[in-house]
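Undergrad: Dumping the structure here so I can ask a few things about it.
The values are calculated or read from the model by the stated rules, or taken from the named source; none is laboratory data. Please read these numbers as outputs of a predicted model, since none were measured by experiment. Cβ placement follows ideal geometry from the backbone for every residue including glycine, while neighbour counts extend to all protein chains displayed.
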Amino acid sequence: MDLSYTQLLETNNLIQQNTDETYWLCLTRTVQESKLFPVSPYMILSYFMCFYRYPSLLRKIERHMKAEDIGDRARNMGIKIQNPAMGWCLPSFYLLGREYLIAMGMIRPQDAVEDVVYVMDFWKRFELAWHRNDGHMTNRDFGHRAQVLPERKLQIFHADMYDCVEGDALHTAAQAFMAATSQYGFLVSCESRIALHNQGPYRLDDEREMIVRDFMDLAEGDYPWLDGVAADMPYNNLTVPMAVKGCHFNIIDDWGSFESQPEFKSHHMVGVGLYTSDTLSEGHIPVGMGSREELTRTFEMLTQKAKDATTKLWQRIAGWNRDQMLDAGAITYFSIIKDLAHVAGCYAMEDWMLIDERAERFRPLLNDEYGNLSLWEILGPLSNPCQRTNEYQMCQHANTPARMYSLIPYSILKDGDYTRTVGGLAPGASYLPAKEDRYRTTQGVLPLAEYNRRAREFVPAVCGEDYKYLCESWLKYHHRSPEAEALYRVEQRESRLLANRGAGLRRADVEALRRG
Amino acid sequence: MSRLYGDSDKYGDQCGTAIVEAFHGAIRELVRRRYVESGQAWNDFVFGKSFELITAQDFAAIDRKLLDYGHRYAWSALKSQQERPEAYVAAAGIGEDLASFSFEHPEAPTAPVDAAGLELRGCGDNVVKYDADLVGTARYVRSSATVLGYLENGVPPGTIAVIDDSGGTLTAPILEQFAGVLCAGGTVRSHLGILTREYGIPCFMNSKLSGIREGDTVRMECTATAKTAEAYQKGVEMTARVWRVVQQ
């Protein structure tokens, strides 16, 4: 790979974008902490793993499927290739690993340059594809908003959701489900929020907005610690389109978190639906959506399963030693982008569920105090020497002379003094029990080899060659065409109200159908 | 002695905290030593022999050196302290001494008992504004053993959990049973803030408390304005008060 000035300019811009947004995200949340998990230590361990392994694993994935093609798939389902996985974690976990190693003197800003250029380029291509309907690269670009879904899918979410009001059975069941499943998601993810994702908002009318909420990796799947305890969880991923009235979601950030004005309370929720999806599904499959009574019972059933699994998992985790907690947390963080490999059909347990031996070396350093303070320094005051810039500089948000992530020096184009890559994959190990070969999918519980085989062969209809470039801009002027009609009917196959309605409906037409 | 790239840093000097500087300084010295020992150019060393020459044993020695100087690490996960008590500061208010324990945050606002029998003992960042304040019984939840006890026996009605950290996992199986939460860490957007909002449980994050003991009756000013992201970003104080109820 011959590096060009243009490549370095673009790479440094992508690095700087992550610097600016990471500071803002962390400023409004402070450092994560837990009395149960050594959170900061496991986060740092994961960052080293990301630096050493992501370049090889992303190249492996792209040998099967290009980043932008996976980005297109991501709009069609609610799995961990949205936010926070792709919007922030992929680039920032990698860059945090790099910055830690620079701060320790173990690498220079011009080491592993081809890796850095490649990882940031992969991220850019994925993000542009995932966000192609709103035309941005990140939620930050959009003023903290994510309107990634096409009209045909939004119409189905809008049409098929059931109205609810605070105090009725559906409202109560849906609220309980989201609370219990959020809690379960935090525990599954070892105190991180990466099992949860929100996108939107989408306007339903002058008074109502909709956000789409994803709850991911809930069943027996990639994580060894869910073997057994999550055996009764019937869906690995669940998506809840949620309509609200009386509040506006003014922030949907690249962590997939939302904020609203006024603050969201349960009485604002006026409509819900429920779907499941994964890399083997034709988009979102309705779950319990035959009637509002069925949906209520389904939410209640899933709430109980989430609570049962929470109790069992908590008891398992409470019995772990610190090394096991460190492994589980680091693996959870590092593997947040693992679903890229599932989509590409090249997932390997040993790629994603083990601690890389190059990162493992750092374990003796990772006591709680160093973990908390070093993480605070690298994310908050940006006080590592490598993060300081000349005194005239005023970084975004803090106005201090600092930069979170070091840029690549352009001088390497003149003197050639740089290294290209950290090298290939190194062996890994873990203190956790071995993963059992069971993976819950929308096509049943599969062994991994079969899961990969089906993933490699499966192309959702709307992502096939006939439709992949039939975008929203095209649809605007071709909605009466046979191709548009066919595309909408494919998407509408399992819709209660829109099946075979085709491409001509406007939002008001959908609402009229809802009102009967 | 060989120079590392960072040795000629024009703008950076040292880390912001002594612990991080001690670790990073020691690691830089280690890298310097191993680099010289390798006899290689940096570009060959950095992703080559360095993997063999810089080992977990080297990092363990750095950790040992700091402990030998008498330092004891502050802990955040109780398991860390329990597995290496010799390396961490002692844990207080976790076991039998809970009855005499109370958070004593220097920033906690306090005031004498007023005419209504309310004694100001602290404040926090309100996650969600509610129509009425909450009165309940303060109970510290600081260990998995405490959680296990409540899991087996149930959480007493009216419990306002007093929690150290902003995480959502320690109390995961029992959080729903709390009437309210006073959390000494985090912000309203931290995990515990998100979860209590979902459950509809009144919660103050970033609480600064003083003198609230296990079993005290406390009142949370849940009617106070909820703190916003903009308030954090601009450093605007928006706090809700916490009182001990001395007489009803």
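Undergrad: Which residue out of A:Gly87, A:Gly78 is crowded, with 24+ Cβ neighbours inside 10 Å, closer than 17 Å to A:Leu14 by Cβ and not charged (D, E, K, R)?
TA: Details: A:Gly78 fails: closer than 17 Å to A:Leu14 by Cβ.
None of the other options fit; the residue is A:Gly87.
Undergrad: Additional query: Any residue in region A:275-290 that is touching a helix residue (DSSP H, G or I) at 6+ places or on another chain (Cβ under 6 Å) and free of Cβ contacts under 8 Å to residues at least 40 places away in the same chain?
TA: Looking for residues that are touching a helix residue (DSSP H, G or I) at 6+ places or on another chain (Cβ under 6 Å) and free of Cβ contacts under 8 Å to residues at least 40 places away in the same chain, one finds at least one in region A:275-290, hence yes.
Here is a yes/no grid of residues against (1) closer than 24 Å to A:Asp327 by Cβ; (2) β-branched (Val, Ile, Thr):
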residue: A:Met137; (1), (2): no, no
residue: A:Arg152; (1), (2): no, no
residue: A:Ile156; (1), (2): no, yes
residue: A:Asp163; (1), (2): no, no
residue: A:Glu166; (1), (2): no, no
residue: A:Ala169; (1), (2): no, no
residue: A:Met178; (1), (2): no, no
residue: A:Phe186; (1), (2): yes, no
residue: A:Glu220; (1), (2): yes, no
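Rundown of residues vs (1) closer than 25 Å to A:Ala429 by Cβ; (2) among the acidic types (Asp, Glu), yes/no style:
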site: A:Ile44; (1), (2): yes, no
site: A:Phe48; (1), (2): yes, no
site: A:Pro55; (1), (2): yes, no
site: A:Arg63; (1), (2): no, no
site: A:Glu68; (1), (2): no, yes
site: A:Arg73; (1), (2): no, no
site: A:Ile79; (1), (2): no, no
site: A:Asn83; (1), (2): no, no
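Undergrad: Further question on the same structure: In region A:291-306, is there at least one residue being surrounded by fewer than 20 Cβ atoms within 10 Å (Cβ to Cβ), part of a strand (DSSP E or B) and in contact (Cβ under 8 Å) with a residue 24 or more places away in the chain?
TA: no
Undergrad: Here's something else I'd like to know. Among the residues of region B:173-190, which ones are of a type in the set (A, V, I, L, M, F, W, C) and either in contact (Cβ under 8 Å) with a residue 40 or more places away in the chain or within 23 Å of B:Lys208 (Cα to Cα) (or both)? So that I can check it myself, show each step before the final result.
TA: Filtering region B:173-190 for residues of a type in the set (A, V, I, L, M, F, W, C) gives B:174-175, B:178-179, B:181-184, B:188.
Passing the criteria: B:Leu175, B:Phe178, B:Ala179, B:Val181, B:Leu182, B:Cys183, B:Ala184, B:Val188.
Undergrad: Now a separate question. Count, please, the residues in region A:133-162 that happen to be more than 19 Å from the chain's Cα centre (by Cα), basic (Lys, Arg) and more than 16 Å from A:Arg203 (Cβ to Cβ).
TA: The number of residues fulfilling the criteria is 1.
Undergrad: Additional query: Pull up region A:309-336, narrow it to residues that are closer than 19 Å to A:Pro364 by Cβ and not hydrophobic (A, V, I, L, M, F, W, C), then point me to the one that is nearest to the other protein chains (Cβ to nearest Cβ).
TA: A:Arg322
Undergrad: Here's a follow-up. What's the number of the only condition in (1) in contact (Cβ under 8 Å) with a residue 60 or more places away in the chain; (2) under 20 Å from B:Pro106 (Cβ atoms) that B:Val162 fails to meet?
TA: Of the numbered conditions (1) in contact (Cβ under 8 Å) with a residue 60 or more places away in the chain; (2) under 20 Å from B:Pro106 (Cβ atoms), the odd one out for B:Val162 is (1).
Undergrad: OK, next. Hey, A:Glu350 hits all of (1) touching a strand residue (DSSP E or B) at 6+ places or on another chain (Cβ under 7 Å); (2) part of a helix (DSSP H, G or I); (3) crowded, with 19+ Cβ neighbours inside 10 Å but one; which does it fall short on?
TA: (3)
Undergrad: Same structure, new question: So A:Ile252 clears everything in (1) in contact with a Lys or Arg (Cβ under 7 Å, 6 or more places away or on another chain); (2) among the β-branched types (Val, Ile, Thr); (3) surrounded by fewer than 24 Cβ atoms within 10 Å (Cβ to Cβ); (4) within 14 Å of another protein chain (Cβ to nearest Cβ) except one condition, right? Which one?
TA: Failing condition for A:Ile252: (3).
Undergrad: Here is a follow-up. For region B:180-191, give me the residue count where each residue is more than 9 Å from chain A (Cβ to nearest Cβ), in contact with a helix residue (DSSP H, G or I) (Cβ under 8 Å, 6 or more places away or on another chain) and farther than 17 Å from B:His105 by Cβ.
TA: Initially, region B:180-191 is screened for residues more than 9 Å from chain A (Cβ to nearest Cβ), giving B:180-184.
Filter once more, so that each one left must be in contact with a helix residue (DSSP H, G or I) (Cβ under 8 Å, 6 or more places away or on another chain): B:181, B:183.
In the following step, the residues that additionally are farther than 17 Å from B:His105 by Cβ were identified as none.
Adding up the residues that qualify gives 0.
Undergrad: For A:Gly228, only one of the following conditions fails: (1) outside any strand (DSSP E or B); (2) within 23 Å of the chain's Cα centre (by Cα). What is its number?
TA: Checking A:Gly228 against (1) outside any strand (DSSP E or B); (2) within 23 Å of the chain's Cα centre (by Cα), the one that fails is (2).
Undergrad: Among residues belonging to region B:40-55 that are in a loop (DSSP other than H, G, I, E, B) and facing another protein chain (nearest Cβ under 8 Å), point out the one that is surrounded by the fewest Cβ atoms within 10 Å (Cβ to Cβ).
TA: Step one: list which residues in region B:40-55 are in a loop (DSSP other than H, G, I, E, B), which gives B:40-41, B:54-55.
Filter once more, keeping what is facing another protein chain (nearest Cβ under 8 Å): B:54-55.
Details: B:Ile54: 23, B:Thr55: 14.
Result: B:Thr55.
Undergrad: Could you pull out every one of the helices (runs of 4 or more DSSP H) wholly within region A:355-474 that has 1 or more residues that are surrounded by fewer than 20 Cβ atoms within 10 Å (Cβ to Cβ) and within 14 Å of chain B (Cβ to nearest Cβ)?
TA: Answer list for region A:355-474: A:357-360, A:368-379, A:412-415.
Undergrad: What single numbered condition from (1) on the phi > 0 side of the Ramachandran plot; (2) buried (at least 16 other Cβ atoms within 10 Å of the Cβ) fails to hold for A:Val490?
TA: Checking A:Val490 against (1) on the phi > 0 side of the Ramachandran plot; (2) buried (at least 16 other Cβ atoms within 10 Å of the Cβ), the one that fails is (1).
Undergrad: Quick one: count up the residues across region A:25-75 that are over 29 Å from A:Gln396 (Cβ atoms) and in contact with a His (Cβ under 8 Å, 6 or more places away or on another chain).
TA: 0
Undergrad: Quick one: would you say B:Ser76 is of a type outside the set (Val, Ile, Thr) and facing chain A (nearest Cβ under 9 Å)? Quick ask: steps written out before the conclusion?
TA: Details: of a type outside the set (Val, Ile, Thr): yes; facing chain A (nearest Cβ under 9 Å): yes.
Yes; evaluated as a whole, the condition is true for this residue.
Undergrad: In region B:200-238, which residues are surrounded by fewer than 20 Cβ atoms within 10 Å (Cβ to Cβ), among the β-branched types (Val, Ile, Thr) and either over 18 Å from A:Glu259 (Cβ atoms) or over 22 Å from the mean Cα position of the chain (by Cα) (or both)?
TA: Within region B:200-238, B:Thr217, B:Thr223, B:Thr225 meet the criteria.
Undergrad: Could I ask something else about it? Could you list, in sequence order, the residues of region B:135-179 that are over 14 Å from the mean Cα position of the chain (by Cα), among the β-branched types (Val, Ile, Thr) and within 11 Å of chain A (Cβ to nearest Cβ)?
TA: First, pick out the residues of region B:135-179 that are over 14 Å from the mean Cα position of the chain (by Cα): B:135-140, B:144-161, B:171-179.
From the residues that got through so far, the ones that are among the β-branched types (Val, Ile, Thr) too are B:135, B:137, B:146-147, B:155, B:159-160, B:171, B:174.
Across region B:135-179, the qualifying residues are B:Thr146, B:Val147, B:Thr171, B:Ile174.
Undergrad: Identify all residues within region A:249-307 that are of a type in the set (Lys, Arg) and modelled with pLDDT of 95 or more; write none if there are none.
TA: To start, the set of residues in region A:249-307 that are of a type in the set (Lys, Arg) comprises A:265, A:292, A:297, A:305, A:307.
Once the filter is applied, which keeps residues that are of a type in the set (Lys, Arg) and modelled with pLDDT of 95 or more, region A:249-307 yields A:Arg292, A:Arg297, A:Lys305, A:Lys307.
Undergrad: Suppose we filter region A:190-202 for residues that are at the interface with another protein chain (Cβ under 9 Å from one of its Cβ atoms) and within 24 Å of A:Ala146 (Cα to Cα); how many remain? Before the answer, list the steps.
TA: Let us first name the residues in region A:190-202 that are at the interface with another protein chain (Cβ under 9 Å from one of its Cβ atoms), namely A:190-193, A:196.
Still in the list and also within 24 Å of A:Ala146 (Cα to Cα): A:192-193, A:196.
Of the residues in that region, 3 qualify.
Undergrad: Any residue in region A:245-264 that is touching a residue at least 40 places away in the same chain (Cβ under 8 Å), in a loop (DSSP other than H, G, I, E, B) and more than 26 Å from A:Ser46 (Cα to Cα)? I'd like the intermediate steps shown before the answer.
TA: So the first thing to find is which residues in region A:245-264 are touching a residue at least 40 places away in the same chain (Cβ under 8 Å), and the list is A:248-258.
Restricting the remaining residues to those that are in a loop (DSSP other than H, G, I, E, B) gives A:253-257.
Remaining after also requiring more than 26 Å from A:Ser46 (Cα to Cα): none.
No, region A:245-264 contains no residue that is touching a residue at least 40 places away in the same chain (Cβ under 8 Å), in a loop (DSSP other than H, G, I, E, B) and more than 26 Å from A:Ser46 (Cα to Cα).
Undergrad: Any idea how many residues of region B:77-99 are in a loop (DSSP other than H, G, I, E, B) and among the charged types (D, E, K, R)? Spell out the reasoning first.
TA: Narrowing region B:77-99 to residues in a loop (DSSP other than H, G, I, E, B): B:77, B:84-87, B:89-95.
Now narrow it down to the ones that are among the charged types (D, E, K, R): B:84, B:86.
Looking only at that region, the number is 2.
Undergrad: Please state which one of A:Phe157, A:Phe215 is modelled with pLDDT of 95 or more, over 30 Å from A:Pro38 (Cα atoms) and surrounded by 21 or more Cβ atoms within 10 Å (Cβ to Cβ).
TA: Details: A:Phe215 fails: over 30 Å from A:Pro38 (Cα atoms).
Result of the check over A:Phe157, A:Phe215: A:Phe157.
Undergrad: Can you name every residue in region B:1-39 that is more than 7 Å from chain A (Cβ to nearest Cβ), modelled with pLDDT under 95 and in contact with an Asp or Glu (Cβ under 8 Å, 6 or more places away or on another chain)?
TA: Scanning region B:1-39 gives no hits.
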